[in-house]
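No lab work stands behind these numbers, since they all come straight from the coordinates. These figures come from a predicted structure and were not determined experimentally. Note: ideal-geometry Cβ built from the backbone for every residue, glycine included; neighbour counts use all protein chains shown.
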């Protein structure tokens, strides 16, 4: 029978643990993709959390098991895979701890699991779908961290699949009539948007509201407002009214 190692009596917190998996970001798209997801959903999260009690992690470690040393608590048993989702959201927790930005997310310190975690596939998707107990990301998110929604995004295939935790097991969510995955607790949908962001044309992973309206970034909202203002000025001029005189 396998015996558990003796654990330290004092456990480290987020300031004492490595904050990422220590591996270079695998492609140029990962950071802008995370920023796009965060910036566009923030107005929704601010409505859901008027007290500001929520946290977003981007390529940050989740410490999900007690190990000796504790620093290994965010990697698989074989030490090959780090539990560091490319993007995740945790409701009803403070965005900072002890006046500091979070360096990682430590379950033995927080208790609350993320509501949704997203992985951006850089290889063939095998790592993200690995169900090997205590090793694979899929298994860890499902059986250890118990994340209710898990999304796997593959830009090379212009696709995303989202799993929902039901009775302790992940089930692939069906898409709605728009081809999006409803994330009911957030009142949003997740899907693929083909377009240009940060001067790059790609099938980006994006949010929509429950009525199918794309959630915009601040820059996109400003551009839309400018287009609407220009259209209004044209309509006024067509009526013989000079907008600058109003």
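For helix 30-48, report the angle its Cα long axis makes with the longest principal axis of the Cα atoms of the chain; keep it between 0 and 90° and round to the nearest 10°. Result, in degrees: 80. For residue 161 and residue 233, a Förster radius of 41 Å and the Cβ-Cβ distance give a FRET efficiency of 0.35, rounded to the nearest 0.05. Fewest neighbouring Cβ atoms within 10 Å first, the residues 169, 206, 129 line up as 169, 129, 206. Here 87, 208 are placed in order of increasing Cβ neighbour count within 10 Å, fewest first, which gives 208, 87. Here 56, 147 are placed in order of increasing Cβ neighbour count within 10 Å, fewest first, which gives 56, 147.
Angle of helix 218-238 to the longest C-alpha principal axis of the chain, folded into 0 to 90 degrees and rounded to 10: 10°.
Report the far tail of the P(r) of the chain, meaning the percent of Cα-Cα pairs longer than 25 Å. For the chain, the share of Cα pairs beyond 25 Å comes to 48 percent. Here the spin labels are modelled as points 7 Å beyond Cα on the Cα-Cβ line, and at residue 68 and residue 49 they lie 3.6 nm apart. Here the alpha carbons of the range 194-246 define both size measures, Rg and Dmax, at 15.8, 44 Å. Spatial offset of the range 208-246 relative to the range 161-206 amounts to 28 Å, using the alpha carbon center of each.
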